[in-house]
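The values are calculated or read from the model by the stated rules, or taken from the named source; none is laboratory data. A quick note: this is a predicted structure, and the numbers were derived from the prediction, not measured. All Cβ positions, glycine included, derive from the backbone under ideal geometry; neighbour counts span all protein chains shown.
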Amino acid sequence: VLRHPILSLRVVAGDGPLYPLLILFGLNAVDELDQAAFNILLPNIRDHFGFDYQSLFSFLGVVSAAALALSVPIAYMADRHPRVRLAMVGALAWSVCSFSTGLATGIVFLGFARSGSAIGKAVNDPTHNSLLADWFPPADRPRVFSFHQAANPVGATLGALSVGLLATSFGWRAPFFVFAFPTLVLVVLAVRLREPVRGAHERRAAGAEAEAVDIEEGPPSYAEAWRMAWKIASLRRMFAAMPFVAVGIGGFASLNVLFLEEVFGLGIRGRAIFGAALAPSSIIGLVIGARIATRLLARGPGLVLRFLALTSVLQGGLYVFYALSPNLGIAFGVAATTTICGAILWPGILAVLSLIAPPRARAMVFSIGSLWILPGLLVLPFVGWIADNWGIRYGMVVMLPVAVIGGLIMSSAGSLVAGDIEDVWRTSA
């Protein structure tokens with residue numbers, strides 16, 4: 001990889017275009033700069049605005065809910081308008097809101113700024129995932145989605161190191177001012193991107209004639225997209241698993257930082273070093289997940305779901321081990337393993353969703369999946385209440401049943417997914 005980086009990237013892209021993959025990778029990475037800053041500085045922000053654990057996790061839940069709710073109109077537009085342009089507009093919006101986080105003087109202002117900044121993820125999920133699915137054939141998608149998700153640890157590492165320097169020197173607001181600008185460079189580079197044909201790879205895989213491959217179907221209404229998605233049995237199971245799996249993955253980032261501050265007394269610099277050292281674990285997970293998922297996909301997509309389900313259950317057990325960590329060294333080892341599991345899970349879920357989602361409603365299906373995360377956010381205030389009354393260790397343990405339930409539901413879709421993929425390809429031809 002180090003000797004021949006371009007050749008290695010071409011292997012990742014397979015038969016698809018490399019330049020768009022790199023641009024989406026970059027946009028995903030700069031979004032992570034802002035999130036890394038907020039996570040590492042969460043104890044400082046909590047103290048500045050006077051939150052306790054329950055009110056803090058309630059605040060985080062409301063902010064996440066606002067961003068997830070925006071994913072539906074964004075996806076509706078993504079199925080009807082150029083997704084490249086929409087991704088660029090969203091990137092500019094989250095850049096402005098990230099800058100505004102540093103200006104926040106009250107909880108309401110902070111809430112609006114963080115909700116707006118979360119537009120980054122609200123835009124990324126339906127637009128980036130849909131674009132990748134239309135730029136790259138099904139066989140390449142596990143590898144491509146893993147590479148795209150590798151931007152998260154890259155951005156998290158750079159963000160953590162920068163936060164440690166900026167916040168200790170200039171205060172907790174400084175990183176948000178600085179991190180708003182790299183996005184502007186990538187938006188300029190994204191001007192060269194061209195919109196791919198929706199569903200061309202599925203029609204080609206189904207044996208459609210060459211003339212029919214490039215003919216797009218008209219986008220469905222929201223009601224029609226919902227009906228199309230709900231008819232697919234494995235997709236219903238995946239939706240049902242989303243509130244458990246996604247909250248388990250996302251909740252660990254906030255809990256981890258607060259845990260380090262309360263249990264081990266780490267300040268900004270210590271948390272930044274811990275976060276920067278932890279982030280590369282995601283790359284390990286992405287490499288492992290991509291290789292295993294690609295091999296299992298060749299044998300049968302149901303095996304991919306069962307592998308992801310097992311990973312979710314394992315991750316739940318690791319939450320308990322992390323909560324019981326007697327020292328920082330053991331805590332880091334368990335956190336690294338937990339991060340590896342999370343890095344395996346999410347790209348794998350996205351790759352499976354891209355295969356069972358009807359191409360003409362693919363962006364909408366990704367956004368519907370995001371909406372199913374909303375019920376899981378109700379767990380966060382409960383976790384905060386437990387942390388306030390019994391300590392952050394007990395709050396962490398609550399994530400065990402959440403992850404296990406998500407894994408069991410996801411595993412139940414394993415016997416259904418192969419037939420559903422065949423149906424999607426056949427109806428797309």
Those residues of region 164-188 which are of a type in the set (A, V, I, L, M), farther than 30 Å from Arg83 by Cβ and modelled with pLDDT of 90 or more amount to Leu166, Ala167, Ala174
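I'm trying to understand the selection: among the residues of region 122-141, which are polar (S, T, N, Q) and more than 11 Å from Ser354 (Cβ to Cβ)? Please lay out each step first, then the result.
At the first step, the residues of region 122-141 found to be polar (S, T, N, Q) are 124, 127, 129-130.
Across region 122-141, the qualifying residues are Asn124, Thr127.
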Answer residue from region 138-163, given it is more than 21 Å from Ile349 (Cα to Cα) and of a type in the set (S, T, N, Q) and is modelled with the highest pLDDT among those:
Ser162
Enumerate the pairs (first residue in region 156-172 and in contact (Cβ under 8 Å) with a residue 12 or more places away in the chain and of a type in the set (S, T, N, Q); second residue anywhere and in a helix (DSSP H, G or I) and crowded, with 23+ Cβ neighbours inside 10 Å) with beta-carbon separation below 7 Å, excluding pairs fewer than 6 apart on the same chain, so at least 6 apart or on different chains.
Ser162/Pro175
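Answer yes or no as to whether Leu255 is more than 15 Å from the chain's Cα centre (by Cα), part of a helix (DSSP H, G or I), modelled with pLDDT under 85 and hydrophobic (A, V, I, L, M, F, W, C).
Yes, satisfied.
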Anything in region 85-144 that is touching an Asp or Glu at 6+ places or on another chain (Cβ under 7 Å) and among the hydrophobic types (A, V, I, L, M, F, W, C)? List them, or say none.
Trp94
Which pairs do you get when a residue that is under 18 Å from Ala167 (Cα atoms), found in region 95-117, comes within reach of a residue that is of a type in the set (D, E, K, R) and modelled with pLDDT of 90 or more, reach meaning Cβ atoms under 6 angstrom, with the pair 6+ apart or on two chains?
Gly102/Arg173
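Given region 271-388, what helices (runs of 4 or more DSSP H) lie entirely inside it while holding 2 or more residues that are within 15 Å of the chain's Cα centre (by Cα) and under 23 Å from Thr127 (Cβ atoms)?
Details: elements: 280-299, 301-323, 328-356, 362-371.
Where helices (runs of 4 or more DSSP H) fall fully within region 271-388 and carry at least 2 residues being within 15 Å of the chain's Cα centre (by Cα) and under 23 Å from Thr127 (Cβ atoms), they are 280-299, 328-356, 362-371.
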Restricting to region 375-412, count the residues that are farther than 14 Å from Ile249 by Cα, in contact (Cβ under 8 Å) with a residue 60 or more places away in the chain and not β-branched (Val, Ile, Thr).
15
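Please count how many residues of region 74-88 are under 19 Å from the mean Cα position of the chain (by Cα) and modelled with pLDDT of 80 or more. Spell out how you get there, then give the answer.
Restricting attention to region 74-88, the residues satisfying the condition of being under 19 Å from the mean Cα position of the chain (by Cα) are 74-75, 78, 83-84, 86-88.
Subset that is modelled with pLDDT of 80 or more: 83-84, 86-88.
Number satisfying all stated conditions: 5.
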In region 406-425, is there at least one residue being of a type in the set (A, V, I, L, M, F, W, C) and touching a Phe, Trp or Tyr at 6+ places or on another chain (Cβ under 8 Å)?
yes
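So in region 391-420, with the set limited to residues that are over 23 Å from the mean Cα position of the chain (by Cα) and part of a helix (DSSP H, G or I), which one is surrounded by the fewest Cβ atoms within 10 Å (Cβ to Cβ)?
Here the residue is Tyr394.
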Count - residues of region 281-310 that are more than 20 Å from Leu355 (Cα to Cα), buried (at least 17 other Cβ atoms within 10 Å of the Cβ) and either modelled with pLDDT of 85 or more or in contact with a Cys (Cβ under 6 Å, 6 or more places away or on another chain) (or both)
2
